[in-house]
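*Asks:* Please see the structure below; I have some questions.
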Amino acid sequence: MTEITPWYWLGFIVFVLFFIALDLGAFHRRAHVVKFAEAISWSAFWVALAMLFALALVVWRSHEEAIQFTTGYVIELSLSLDNILVMAVIFTYFRVPLEWQHRLLFWGIIGALVMRGAMIAAGVALINRFNWILYLFGAFLVLAGIKMLVEKKQVDPEKNIVLRIARRIFPVSPTNDGQNFFTRINGKFALTPLALVLLLIETTDLLFAVDSVPAVFSVTRKAFIVFSSNVFAIIGLRSMYFVLADALGYFRYLKFGLSVVLVFFGVKMLLAPHGASGQWFQIQIPTSISLLVVAAILSISMVLSITAAQREGKNK
């Protein structure tokens, strides 16, 4: 198989930037409330585009890399569902108008892409330098999955350390200045509340990426596959927010399913041979099996959630 050259990276980045510019410049130039039909159409478009990219990998690269991309994409997309709930809380807390939310998510995703790229580059460099660090990643994923299961996460934007630091360093306007992130108070530079919302979205994504990026490394160590699967999942997340923000609360067992996914990939990473001759037990779980396991876990958690909701509805 040929090496992934810089031309692959350049072509992919240009491809993504083109569609992002088309989305914002042609279809969302004016602020408006994103209706359900529009959101689900864009969600379907981004999922279809991701699957077309997987098909392109089959043609230009290999079937194995296409499966790795699809598995990484499903991992990122599923773990991002918990992120949607947090973003909904942030928007509600700051009373962000519905017609402004798409633009905030757009810039939030641009920042997320940059941070994910940096994290993936750092992760690949560490793995290439210290192969044993994959075992630390595996242990971390197992602990993160257990923590997700037992911890009752309470989102309080006021306790966010980045928000506190920003308020100490910069003056903050008490009201928004349209959709601007910056304004002036008595001729002096100041942040608007929308800028604080953007900071919260970025830091929230960074925290979620700490779990999801190592999970994709359990599937492949190829930076291009890890990055491209992250990109498609993050871009699709924006449209899915408007589809799922109000519905995710009904999927009560989704959190349990996501925690099992993290534990599964943590165990997979711990059991996989990473060149450690002293490892007492090794097993390599095929990527295709991993994809089926993730799909099964998520499907079961959602079916159980829907069944429980229907049962409660009948008892009322």
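The values are calculated or read from the model by the stated rules, or taken from the named source; none is laboratory data. Since the structure is predicted, the reported quantities are computational estimates derived from the model, not experimental observations. Neighbour counts are summed over all protein chains in view; Cβ atoms, including those assigned to glycine, are modelled from backbone coordinates with ideal geometry. To get the accessible areas, we keep the full protein, side chains included, count just its heavy atoms, and leave off ligands, DNA and RNA. Shrake-Rupley method; radii C 1.70, N 1.55, O 1.52, S 1.80 Å.
*Asks:* What residue, of F242, F227, F256, is open to solvent by 10 Å² or more (accessible area, probe 1.4 Å), closer than 13 Å to Q68 by Cβ and of a type in the set (F, W, Y)?
*Replies:* That would be F227, the only listed residue that is open to solvent by 10 Å² or more (accessible area, probe 1.4 Å), closer than 13 Å to Q68 by Cβ and of a type in the set (F, W, Y).
*Asks:* Right, next: Which numbered condition trips up N186, out of (1) on the phi < 0 side of the Ramachandran plot; (2) of a type outside the set (D, E); (3) open to solvent by 70 Å² or more (accessible area, probe 1.4 Å)?
*Replies:* (1)
*Asks:* So which residues in the range 50-63 are in a helix (DSSP H, G or I) and surrounded by fewer than 16 Cβ atoms within 10 Å (Cβ to Cβ), if there are any at all?
*Replies:* M51, L52, L55, A56, V58, V59, W60, H63
*Asks:* Among (1) of a type outside the set (F, W, Y); (2) open to solvent by 90 Å² or more (accessible area, probe 1.4 Å); (3) modelled with pLDDT under 75, which single condition is I300 missing?
*Replies:* Among (1) of a type outside the set (F, W, Y); (2) open to solvent by 90 Å² or more (accessible area, probe 1.4 Å); (3) modelled with pLDDT under 75, I300 violates only (3).
*Asks:* Ok, one more. Of the residues that sit in the range 190-220 and are among the polar types (S, T, N, Q) and either in contact with a strand residue (DSSP E or B) (Cβ under 8 Å, 6 or more places away or on another chain) or in a helix (DSSP H, G or I) (or both), which one is nearest to Y241 (Cα to Cα)?
*Replies:* T204
*Asks:* Listed residues I84, I75, I40; which is in a helix (DSSP H, G or I) and open to solvent by 10 Å² or more (accessible area, probe 1.4 Å)?
*Replies:* I40
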